[in-house]
Amino acid sequence: MIVPMKKIFLVVLDAEKKAALKKLRSAGLVHLEDIQGAGAELTSLKTEHSKLESVCMQLSDLKVPKGFSSKEKIEAADMSELADKILELFERKKTCLSEITQCTVELERLQKWGGVNPADFEYLAGKEISLAMYEIPAAKYRMLPDDVNTVFVNEDKSNVRFLLVTKDGVKPSSMPAEAFAVTMPQKSTDEMSEIIIRDKAEIAKIDNLLYSAVSYVPELKKASAVQAKKVEFENVFSGMEHDSETTTPLAWITGFVPADDLDKVKKLADEEKWGFAAMDPTDEDNVPTKLKNNKLVSLIYPVTDFLGTVPGYKEYDISGWFLLFFAIFFGIIFGDGGYGALMTIIAVFALLGGAIKKKKASPGVCLLLLLGLTTMAWGTITCTWFGIEPQFLPEWLKNISIPAISNATEDSDWVSQNLQILCFTLALAQLTIAHLKGFVRYIKSLKCIGEIGSLGMLWGLYTLVLNMVVDSERFPLPNFAIPLIGGGFLLNFIFANYDGSIGKSILESLKNIVSVLLGVVNVFSDIVSYIRLWAVGLAGSAISATVNEMAGPMLGGFIIFAGILLLCFGHGLNMVLNVLSVIVHGVRLNTLEFSNHLGMSWSGFKYEPFSEAVEK
């Protein structure tokens, strides 16, 4: 359920607002409305936090060599000084790499010239002998006029390198256009070689220090989290609205509190002698969402947290339905009892390991166990085990499968049709639930009739899908289908936008007549969309069967080890692809098709109270 919220207002003396905020933070109950603070102190704290975040990120990206150990470590008085020193090392390493790149490019450019020292050229220039480096095609060099004085350096198959000798440094007008000047380097080639050697040695030392600093990442992350709380506090403190023109300057703040915790905040306000008021949030308020469910339903939280989906305060909490259908979709997409057994075993061992260490079972592991069992159940009723052909499976596995959807059934076309029917029936069930929830929500309004109309269209189009997609002979279109679709459309057209006036509702539908008409097509496509469960599951089964066919011949000979590797790699890859399929398809059906029929946009944000708690 979505926990009911109350909007509160707190008024304190301006001189006491820092102490008041500390008390409020200790309570850890109030989700503050968005506040934009300002000031030098806030800027300083944000800079420090950014520094710590940057260090943590850069150190986390380092790949420490296996078996690395070093006695040399960075010495620092605190985490802030440590972060400064680490950032200096990263910056110095960046500078060294840049110097190495520049010098390497220059050395490659001058490679055919041998050693070049700009100081020698400057010395000769002081003696009124100006030398400049040139390159020219070999044939053209032999055709240089007599007034062009040169010193031959070397040549290759195509070009000649030479020094142009002048007194004033001016290029003779008779110099051929094919001759091009070679830019003098800023440093000698010997010096650049020394820089590369020196910088590489320095980078090696820097890397050793940085690798040793990786061990500080947990402490740096903790310091960053503490700093984030300081930033949060200063942002609120500097951003609180206040009135300094009155005789007794006041400051105030607004936020949201779960209705069950309202008395605790009121008691705190009474004890601290703060001004306090509370009210129900209005439609204009941006209210945070706090979900409260039992332990079973809460298993879906790792998925929604990963997706970053939060229902709006005025929307539905579909966590229970999400978990139910997600588990079913997961089982169908993975579609293999063997894979489910592996997941179940992994989850059980993780739970046992946690129990031995007296650790609380994580929701993620419990969810893995549930999904493993669901996948095993689907594999059992469809007789699918590691993609093995049914004729090679034990008879008891075939006997416990359901013939209508079992791979052991000889009529594969009939089984495929039944699986498609099952997918469309899942669509009907889930989307029916969506409109029933809408009907209950609007039960006190004529708008609920619009939901009845949507149900009529849904059920009528379901029969049309079976007729058009599965088999028109097996599922002839019933006589009631078209009237059901038409009547449902009419009710939806009249009442979908009802808000106290039927006329206005019809007018609103007329304004959006194209969208309304397309809505019928969307319902049809939403039902058909569920066929993806069968299609993706079929693809996974085909991959596992192909892996078995490839590895099978290897298992009976001397290359059995290669066959086992191929089986492990092939089925492992298939499981990874199945996970991606669940994310793309299984999640989509809940967050798009189901949510659209509920009218949900997932526009909410989490309830995050102003508190002292620091993430460990």
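Bear in mind that the values in this text are calculations on the coordinates, not laboratory data. Note that the structure is predicted; figures quoted are calculated from it, not measured. Every residue, glycine as well, gets a Cβ built from its backbone with ideal geometry; the counts of neighbours run over all protein chains shown.
Using 0.36 nm per residue of separation minus the Cα-Cα distance, give me the extension gain between I560 and I583 in nm, one decimal. Display every interim value, and only then the final one.
Working: separation 23, 0.36 × 23 = 8.28 nm, distance 3.48 nm.
Fully extending the segment from I560 to I583 adds 4.8 nm.
Indicate the gyration tensor shape class of region 344-438 (rounded, prolate or oblate), computed on the Cα atoms with a ≥ b ≥ c the square roots of the eigenvalues: a/c under 1.5 is rounded; otherwise a/b larger than b/c is prolate and the rest oblate.
Values: a/c = 4.20, a/b = 1.29, b/c = 3.26.
It is oblate, given that a/c is not under 1.5 and a/b is not larger than b/c.
For the pair L97 and E81, how long in nm is the line joining their label points, each one 7 Å along Cα→Cβ?
Placing both labels 7 Å beyond Cα along the Cβ direction yields 2.9 nm.
If you take every residue apart from L426 with its C-beta less than 13 Å away from the C-beta of L426, what net charge results, scoring Lys and Arg +1 and Asp and Glu -1? Working shown, then result.
Working: positive: R532; negative: D526, E593.
Local net charge: -1.
Under the definition of Cα pairs under 8 Å and six or more residues apart, what whole-number percent is the relative contact order of region 142-293?
Details: 54 pairs, mean separation 14.0, N = 152.
Relative contact order, region 142-293: 9 percent.
Taking every Cα atom in the chain, find the radius of gyration and the maximum pairwise distance Dmax, and write them in Å.
Rg, Dmax (Cα atoms, Å): 36.9, 110.
Can you give me the Cα centroid spacing of region 444-515 and region 537-604 in angstrom?
So the separation of the two Cα centres works out to 37 Å.
Report the one residue of V153, F68, I8 whose Cα lies farthest in the direction of the positive end of the charge dipole of the chain (charges on C-beta: Lys and Arg +1, Asp and Glu -1; origin at the Cα centre).
I8
Report, largest value first, the span of the C-alpha coordinates of region 388-481 along each principal axis, in whole Å.
Ordered largest first, region 388-481 gives principal extents of 60, 28, 15 Å.
Under a plain spin-label model, where a point goes 7 Å from the Cα along Cα-to-Cβ, how far apart in nm are E178 and N596?
7.0
What are the semi-axes of the equivalent ellipsoid of region 190-297, taken as the square roots of 5 times the eigenvalues of the Cα gyration tensor, listed largest first and rounded to whole Å? Show your work: numbers first, answer last.
Details: eigenvalues 560, 109, 40 Å².
After diagonalising the Cα gyration tensor, the semi-axes are 53, 23, 14 Å.
Would you calculate, for the chain, the mean residue ellipticity at 222 nm contributed by helices, counting each DSSP H stretch of 4 or more residues as -39,500 (n - 2.57) and dividing by all residues, to the nearest 500?
Working: 21 runs with 342 residues, N = 616.
Per the formula, -18500 deg cm²/dmol.
Along the positive direction of the dipole of the chain (beta-carbon charges: Lys, Arg +1; Asp, Glu -1; about the Cα centre), which of G387, M600, S98 reaches farthest?
The residue sitting most towards the positive pole is G387.
Taking the Cα centroid of region 193-264 and of region 269-290, what is the distance between the two, rounded to the nearest whole Å?
27
Kindly identify region 227-375 as rounded, prolate or oblate by the Cα gyration tensor criterion: order the square roots of the eigenvalues as a ≥ b ≥ c, call it rounded if a/c is under 1.5, otherwise compare a/b with b/c, prolate if a/b is larger, else oblate. Please list the in-between numbers first.
Details: a/c = 3.20, a/b = 2.43, b/c = 1.32.
Prolate shape, in that a/c is at least 1.5 and a/b is the bigger ratio.
Take C568, C366 and order them by how many other Cβ atoms sit within 10 Å, fewest up front.
Details: C568 12, C366 18.
By the 10 Å Cβ count, ascending: C568, C366.
Considering lysine pairs in region 68-163 that are 8 or more places apart or on different chains, how many have Cα atoms under 30 Å apart?
15
Anything over 31 Å Cα to Cα? Flag those among K264/K357; K22/K290; K221/K359, in the order listed. All intermediate terms of the calculation are to be shown ahead of the outcome.
Details: K264/K357 36 Å; K22/K290 23 Å; K221/K359 23 Å.
Those over the limit are K264/K357.
Tally the DSSP beta bridges in the chain and give the antiparallel ones as a percent, rounded to 5.
On the way: 35 of 36 bridges.
Looking only at bridges with both residues in the chain, the antiparallel portion is about 95 percent.
Based on other C-beta atoms within 10 Å, arrange V523, V116 from fewest to most.
V116, V523
Find the centroid of the Cα atoms in region 322-355 and in region 381-412, then give the distance between the two in whole Å.
A separation of 20 Å, based on Cα centres.
If you put +1 on each Lys and Arg Cβ and -1 on each Asp and Glu Cβ, how big is the dipole of region 115-202 around its Cα centre, in Debye rounded to 20? Write out the running numbers ahead of the final one.
On the way: 10 positive and 15 negative charges, 47 e Å.
Approximately 220 debye in magnitude.
Relative contact order of the chain: what whole-number percent is it, with Cα pairs under 8 angstrom and at least 6 residues apart?
Values: 827 pairs, mean separation 118.2, N = 616.
With pairs under 8 Å counted, the relative contact order is 19 percent.
With labels modelled as points extended 7 Å from the Cα through the Cβ direction, what inter-label distance (nm, one decimal) is found for T425 paired with E128?
About 10.8 nm, to one decimal.
Taking the Cα centre of region 467-592 as the origin, how large is its charge dipole in debye, to the nearest 20, when only Lys and Arg (+1) and Asp and Glu (-1) carry charge on their Cβ atoms? If you can, show how the numbers build up before the last one.
Working: 5 positive and 6 negative charges, 38 e Å.
Computed about the Cα centre, the dipole is about 180 debye.
Given Cβ point charges of +1 (Lys, Arg) and -1 (Asp, Glu) and nothing else, what value in debye, to the nearest 20, does the dipole of region 353-432 about its Cα centre take? Spell out each step's value before the answer.
Details: 5 positive and 5 negative charges, 194 e Å.
The calculated dipole for region 353-432 is roughly 940 debye.
Placing +1 on the Cβ of each Lys and Arg and -1 on the Cβ of each Asp and Glu in region 398-461, which of H435, Q420, L446 has its Cα farthest towards the positive end of the resulting dipole?
Comparing the listed Cα positions along the dipole, L446 ranks first.
How many percent of all Cα-Cα pairs in region 105-244 sit more than 24 Å apart? Walk me through the intermediate numbers first.
Details: 5696 of 9730 pairs.
Here the long-distance tail beyond 24 Å is 59 percent of all Cα pairs in region 105-244.
How much length, in nm to one decimal, is gained on full extension between L446 and D156, taken as 0.36 nm per residue of separation minus their Cα-Cα distance?
95.2 nm is the gain from fully extending L446 to D156.
Rounded if a/c is under 1.5, else prolate if a/b beats b/c, else oblate: with a ≥ b ≥ c from the C-alpha gyration tensor eigenvalues square-rooted, which is region 116-168? Let's see the in-between values first.
On the way: a/c = 3.99, a/b = 1.63, b/c = 2.45.
Taking the square roots of the gyration eigenvalues as a ≥ b ≥ c, region 116-168 is oblate.
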